[in-house]
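The values are calculated or read from the model by the stated rules, or taken from the named source; none is laboratory data. What you see is a predicted model; the values in this text were computed from it and never measured. For accessibility, only protein heavy atoms count, side chains too; no ligands or nucleic acids. Shrake-Rupley method; radii C 1.70, N 1.55, O 1.52, S 1.80 Å.
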Amino acid sequence: MQTKEQGLRLNKFLSKQGHCSRREADRIIAQRRVVVNGKPAEIGQKIFPSDLVYLDSVLIKQNKRKPVYLAFNKPLGIVCTTDTSKEKNNIIDYINYPKRIFPIGRLDKNSQGLILLTDDGGLVNKILRAQHQVEKEYVVRVNKPITAEFIRKMAGGLPILNTKTKKCQVVQKSTIEFRIILKQGLNRQIRRMCNYLGYRVKFLQRVRIMHIQLDLPVGKFRKLTPQEVNPFFE
């Protein structure tokens with residue numbers, strides 16, 4: 001059975017679609033008659049649900065439901081939960097997507113910005129398992145002027161929640177604004193780090209998750225492109 005992590009070998013994919021045997025598929029691929037996402041295919045290549053496969057310039061439609069992958073610019077006050085019965089201002093009711101979807105990770109109620117949603121449980125598990133390697137970038141404004149010492153300590157790690165935060169990238173953008181890139185996902189991590197140093201967060205926006213950039217108005221969502229989805233499965 002194909003899994004989202006493993007993908008499906010191209011020759012097996014062509015065979016399952018009824019075009020030829022696996023051996024014949026390898027011969028067709030070697031003749032460069034198969035194109036995947038705009039590039040000539042290679043023998044042994046793996047195919048994922050979001051891939052576009054062409055044989056002799058004709059699109060091969062995959063015989064299965066295509067998973068949903070969304071990028072959403074979450075507004076303030078919306079809670080990242082699928083429990084629609086207990087939380088009135090939940091992300092599921094707000095988006096009101098026609099299929100059952102769920103958020104990948106969280107973004108706290110008082111923060112806004114990029115969050116991904118999907119109906120692909122395999123992708124959710126893959127990202128959450130690799131959460132300490134997943135870069136997330138934030139823009140943060142605080143209540144008083146930022147100092148060089150503040151930047152140094154934020155970047156070097158701080159003791160919160162009975163642990164010390166990992167070293168991270170922090171760049172000052174203005175008197176009261178900085179950008180921070182984390183590979184951790186501790187509860188309300190940035191707010192707790194700022195509080196530890198005597199600062200209060202007044203605005204927090206996530207602007208990037210891995211290679212996905214925030215490019216939406218607040219409250220809007222869009223589907224990820226195949227080019228955005230594919231790196232998750234590499």
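Pairs of alpha carbons in segment 80-153 separated by more than 21 Å make up 44% of all such pairs.
Shown here: Cα extents along the principal axes in Å, derived from the displayed model; of the candidates (1) 67, 40, 32; (2) 57, 36, 32; (3) 55, 50, 34, it corresponds to (1). As a length-normalised measure over Cα pairs under 8 Å and 6 or more apart, the relative contact order of segment 145-234 settles at 17 percent. Partners of Lys164 within straight-line reach, counting lysines whose Cα lies under 29 Å from its Cα and excluding those fewer than 8 residues away in the same chain: Lys74, Lys109, Lys126, Lys136, Lys144, Lys153, Lys173, Lys183, Lys202.
Only protein atoms count toward the accessible area here, which uses a 1.4 Å probe; on segment 93-166, the carbon and sulfur part of that area reaches 48 percent.
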